[in-house]
Amino acid sequence: MERKLNAELWDKMHYLFRDFNDRMVHVELHYDFPIDIEILKTVLICFLEKAPVLHSSFVDTKLRAYWRVNDYNIDDVLHVSTPDKLDEAINEFLTQYIPPENELQIQVAVFNKKDGGSVLCIVENHMCMDGGDLKYFMKTLCRSYNEYAENRISPIDLKSGSRAYDEVYSDFSKTEKKMAQNLYKNVCAKDDHRFPLTQDNIRDRSFIARRKIDSERFATLRKSGKAIGATVNDMLVAAYFYSLYELAGFDKSESVTISCAIDLRRHMKDTSETGITNQTAFMQCNIPELGEDIFKTLEYTKKSIEKFKNDKFMGLYGLPLLKLGYSIMPQAASEQVIKLGYSNPLIAMSNIGVLESDKLALSGHAPVDGFMTGAVKYKPYVLLSATSINGELTLSMCVRGNEEDEKIVNRFFDLMEKNLAVLSSKNS
Amino acid sequence: MKVHYDYCEHIESIMKEYPDNTVNFIFKRRVLQEMTERTKQVLDRGLKDEKVCHELIISEFNSKKVLSDYSRYINGIKEKKIIKYSPVAAVCAILVSVVIFLLIGFFADIWHPTWLIVEGTATVSIISLMWIGVYLLNSHKMLYAVSRALVAGSVMVLTQFIFLVLRIPLGIEKAYLIFLAALALMFIGDLILATMTHQRLIIINYLITVPVVFVFIYVIFGILRFYTWQQGEILIYLSLIIDVLIVVGMILHNKKYSYKPEEEDIWKEN
């Protein structure tokens, strides 16, 4: 008999975002040893069984939406090869698009290097889980791999509870829950400022641009942050603002908004009882003007972020309205209505945070390099992702564009580097 | 296949609190079959380590899942019994009423209006079946529209019986007005159903039902000449006032749970 899973609120929301991005989340981890494929297969099968949404197709009947669980073979999920051109192969794999109707929502590849190392790459549909849970997925995968390799402990530890959006209220008191469920506010990004990419073109292709800030420079930045009372996130957002003004030539007196992803799990004490899912919202970080220098921009940024941090229900504002929209109308109608009130942020940032190399170690080998990044955005939308591993910071931007766009993004990264260096200089 | 875990032992340990009767035996056999099928399915997906597979299946069929399936299974049996025996009980009740009607007719030579006994029993039987339907459909959100139709239908079935009683033995000429009242009762029934099943946006049901019911009251009492049509208009205004009170009540109730973060204009200094 056909097995169905509920399409949860965030699944539907990310499905709605199909006009703005390809909804894929990407991970790339480099190891200096060959990964044992049989062990990885065992772990992956167990994880897919624990999280059936990863081998399901999204069905939209216009009246309702749901996931249909499919049969699969692990060889359709895990792909192993020894490519001649490693970078090309990784890039090709990472920029693939998995349609929601596909039978599998995750693809894993192991690229063996000729020097004996290997690269583990994962692409999955954001409709199934967000960066927060993908990080958890990766850490559990590595832990289970090690436990199975060393002690033959079965890799069955992946959490498999409810994927519902309202799990976010589970640790609230009864009154707080009612308050949160009463936050009927249409949260939308109203800023028209755009990242200066070229016009859409049918020949555009997906690419992932990335820039590394080495451990020395990143350490200096962190030290400088401590000295001036700013977090890495504050400084990244401030540098993002400053670089944007410079790159796009916005008037210095103009107010600009960057939407920053926030992990709603901050409201939950324990997420081990929930399934892998999406619990991410956006906060609109806004500065009134550029300011005379980047430190003034940083001050504005901190103030704006502080306002959200002080809010008990940070990120929970639009949820009741979205839930209402999806529950009282058929799928097709609710999409149309939600589209009327929703505007996708043109400029966004997701600070995915630290990829803990000790927790991502396989058979005692910590990843030597790696990063994680969000979906490929369609122009004019952009999302800057930031992750750090082994003390190095990786900035990445996934864009569907052309060579000119790639140059623009790289120019933006140059500016980011320059501005982060200015922020770091406060220390010295 | 080498067996690493005895699924039977696992199932028995979860079900040890429950008696060893046929009903439970069938359930346990079913779980065992499901676990065996799942094992084969997972192995076919490429898992080569049978021990891992068995442990995976054991973790999937944990006590929480098995007991929740058991609860569903027992409820399913109860529902099936209700579905099976309710129509039989209804038919029996109608047959008994026919026998009573015939006995009164043959022994006392009274054939009218004793036929209302049959009619009344049939009405009660049909309404009971409809309400059982509403009860059984309660867990199926997708079939809420069917529940609403059943509630409305039961009101109409009851109305025709009341109409017959009012018109035939009691001879009330304006008994037809009961059908107008039935329309109002259908709205009220729908509102009660929505309230009991905790439907979303129930406030809208209230806001619609109150004026509609008052309009029917206005018409019925107007036809009965309880007041002049103009005097009766007060009912319409009253319904609107009640609607406003409902809205105000809802706002006040929600206000208790409203949250306003301290919204300071941080850009004032600029």
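The numbers here are math on the coordinates, done by the rules we state, and not lab data. Remember, it's a predicted structure, so these values are computed and weren't measured experimentally. Quick reminder, even Gly has a Cβ in these numbers, built from the backbone with ideal geometry, and neighbours come from all protein chains shown.
How much space per residue, in cubic angstrom, does the convex hull of the C-alpha atoms of chain B take up?
Once divided by residue count, the hull of chain B is 269 Å³.
What per residue convex hull volume, in Å³, do the alpha-carbon atoms of region B:141-270 yield?
157
Which three extents, in whole angstrom, do the alpha-carbon atoms of region A:251-379 cover along their principal axes, largest first?
51, 50, 34
Please give the length that would be gained between residue B:250 and residue B:131 if that part of the chain were fully extended, namely 0.36 nm times their separation in residues minus their C-alpha to C-alpha distance (nm, one decimal).
Between residue B:250 and residue B:131, full extension yields an extra 39.8 nm.
Most fluctuating residue of A:153, A:213, A:408 in a GNM of chain A with Cα springs under 10 Å: which is it?
Result: A:153 has the largest fluctuation of those listed.
Arranged by the count of other C-beta atoms within 10 angstrom, fewest first, what order do A:365, A:14 take?
A:365, A:14
Set the Förster radius R0 to 30 Å, insert the Cβ-Cβ distance between residue B:117 and residue B:188 as r into 1/(1 + (r/R0)^6), and round the FRET efficiency to 0.05.
Efficiency, from the Cβ-Cβ distance: 0.60.
Report the Rg/Rh value for region A:1-147, based on alpha-carbon coordinates and the Kirkwood definition of Rh.
Rounded to two decimals, Rg over Rh is 0.98.
Please give, to one decimal in nm, the separation of the simple spin-label points placed at residue A:227 and residue A:70, each 7 Å out from Cα toward the Cβ.
5.5
Quick one: dipole size for the protein assembly as shown, taken about the Cα centre, charges +1 on Lys/Arg Cβ and -1 on Asp/Glu Cβ, in debye to the nearest 20.
1920
For A:133, A:71, B:190, A:405, what ranking results if the residue with the fewest other Cβ atoms within 10 Å of its Cβ goes first?
Neighbour counts put them in this order, fewest first: A:71, B:190, A:405, A:133.
In whole Å, what is the distance between the alpha-carbon centres of region A:329-353 and region A:197-248?
For region A:329-353 versus region A:197-248, the Cα centre distance is 25 Å.
Tell me the relative contact order for region A:4-425 as a rounded percent, counting alpha carbon contacts under 8 Å between residues six or more apart.
Across region A:4-425, relative contact order equals 25 percent.
Neighbour counts of other C-beta atoms within 10 Å: give me A:162, A:154 arranged from fewest to most.
Placing the least packed residue first, the sequence is A:162, A:154.
Is there a simple number for the mean count of other chain Cβ atoms within 10 Å of the Cβ of residues in B:40-49, and what is it?
Counting Cβ atoms of other protein chains within 10 Å of each residue's Cβ and averaging gives 6.
What is the distance, in nm, between label points placed 7 Å from the Cα along the Cα-to-Cβ direction at residue A:333 and at residue B:98?
Between residue A:333 and residue B:98, the label points sit 4.5 nm apart.
Compute the label zone of residue A:184 within region A:318-333: residues whose backbone N is under 16 Å from the point 7 Å along Cα-to-Cβ.
The answer is A:318-329, whose backbone nitrogens lie closer than 16 Å to the label point.
With the dipole of the protein assembly as shown worked out from charges on the C-beta (+1 for Lys and Arg, -1 for Asp and Glu) around the Cα centre, which of B:204, A:337, A:80 lies farthest toward the positive end?
Sorting the options by dipole projection puts first B:204.
Amide H of residue A:21 versus every other amide H placed in the peptide plane: which residues, excluding those fewer than 5 positions away on the same chain, fall under 5 Å?
A:378
Among A:421, A:42, A:276, pick out the residue whose Cα is farthest towards the positive end of the charge dipole of region A:4-425, where Lys and Arg carry +1 and Asp and Glu carry -1 on C-beta, about the Cα centre.
Farthest along the dipole direction, towards plus: A:276.
Given the rule -39500 (n - 2.57) for each run of at least 4 DSSP H residues, summed and divided by the residues of chain B, what is its mean residue ellipticity at 222 nm, to the nearest 500 deg cm²/dmol?
-26500 deg cm²/dmol
Which helices, taking whole DSSP H runs in chain B, have alpha carbons extending 27 angstrom or more along the helix axis plus mean Kyte-Doolittle at least 1.0?
B:115-137, B:144-167, B:177-196, B:202-223, B:229-255
Hey, what do the phi angles of region A:149-161 turn into as Karplus ³J(HN,Hα) couplings, whole Hz, using 6.51/-1.76/1.60 and θ = phi - 60°, x for Gly and Pro?
With coefficients 6.51, -1.76 and 1.60, one gets 5, 8, 10, 6, 7, 4, x, 10, 8, 5, 5, 9, x Hz.
For the modelled label position 7 Å from the Cα of residue A:171 along Cα-to-Cβ, which residues of region A:251-292 have backbone nitrogen atoms closer than 20 Å?
A:261-283
Can you order the peptides B:98-105, B:130-137 by their average number of other Cβ atoms within 10 Å per residue, highest first?
Top of the packing list down: B:130-137, B:98-105.
For residue A:388, list long-range residues whose amide hydrogen, built 1.01 Å from N in the peptide plane, is under 5 Å from its own amide hydrogen.
A:353, A:354, A:355, A:394
In nm, what is the difference between 0.36 nm times the number of residues separating residue B:40 and residue B:156 and their Cα-Cα distance?
Taking 0.36 nm per residue and subtracting the Cα distance, the gain is 36.4 nm.
Of A:378, B:98, A:138, which is farthest along the charge dipole of the protein assembly as shown in the positive direction, counting Lys and Arg as +1 and Asp and Glu as -1 at C-beta?
B:98
Packing-wise, with mean Cβ within 10 Å as the measure, how do A:270-282, B:247-259, B:41-53 rank, highest first?
A:270-282, B:41-53, B:247-259
Can you pull the three principal axis extents for the Cα set of region B:98-197, in Å, largest first?
52, 31, 15
At 7 Å along Cα-to-Cβ for each site, give me the label-to-label distance between residue A:217 and residue A:253 in nm.
Inter-label distance under the simple model: 3.4 nm.
Can you run phi through the Karplus equation (6.51, -1.76, 1.60; θ = phi - 60°) for region A:383-396 and list ³J(HN,Hα) in whole Hz, with x for Gly and Pro?
Taking θ as phi minus 60°, the curve returns 9, 9, 10, 10, 9, 10, 8, 6, x, 9, 9, 10, 9, 9 Hz for region A:383-396.
Which entries in the list B:16/B:81; A:135/A:302; A:139/A:190; A:174/B:141 go over 28 Å, if you measure between the two C-alpha atoms of each?
Pairs exceeding the cut-off: A:139/A:190.
Could you work out the relative contact order of region B:94-203? I mean the mean sequence separation of Cα pairs under 8 Å and 6+ apart, divided by the number of residues, in percent.
After rounding, I find 21 percent.
Quick check: the distance between the Cα centres of region B:70-124 and region B:12-35, to the nearest angstrom?
So the separation of the two Cα centres works out to 37 Å.
With θ set to phi - 60°, apply the Karplus curve 6.51 cos²θ - 1.76 cosθ + 1.60 along region A:324-329 and write out the HN-Hα couplings as whole Hz, x wherever there is a Gly or Pro.
For region A:324-329, the Karplus curve yields 4, x, 7, 8, 9, 10 Hz.
Run the numbers on region A:1-104 and let me know its relative contact order in percent, using alpha-carbon pairs under 8 Å that are six or more apart.
36
Bin by bin, in steps of 20 Å, what percent of the Cα pairs in the protein assembly as shown do you find, going until the bin that has the longest distance?
Calculated over all Cα pairs of the protein assembly as shown, the distribution is 14, 38, 29, 15, 4, 0 percent.
In whole angstrom, how long is each semi-axis of the equivalent ellipsoid of region A:325-379, when you take the square root of 5 times every eigenvalue of its Cα gyration tensor and sort them from largest down?
Sorted largest first and rounded, they come to 39, 16, 9 Å.
For residue B:77 and residue B:174 in one chain, what is 0.36 nm times their gap in residues minus the Cα-Cα distance, to one decimal in nm?
30.2 nm
Express in % the proportion of alpha carbon pairs of region B:1-68 at distances exceeding 13 Å.
Pairs farther apart than 13 Å: 63 percent.
Just to be sure I follow: if Rg is taken over the C-alpha atoms of region A:115-262 and Rh is the Kirkwood radius over the same atoms, what is Rg/Rh?
1.03
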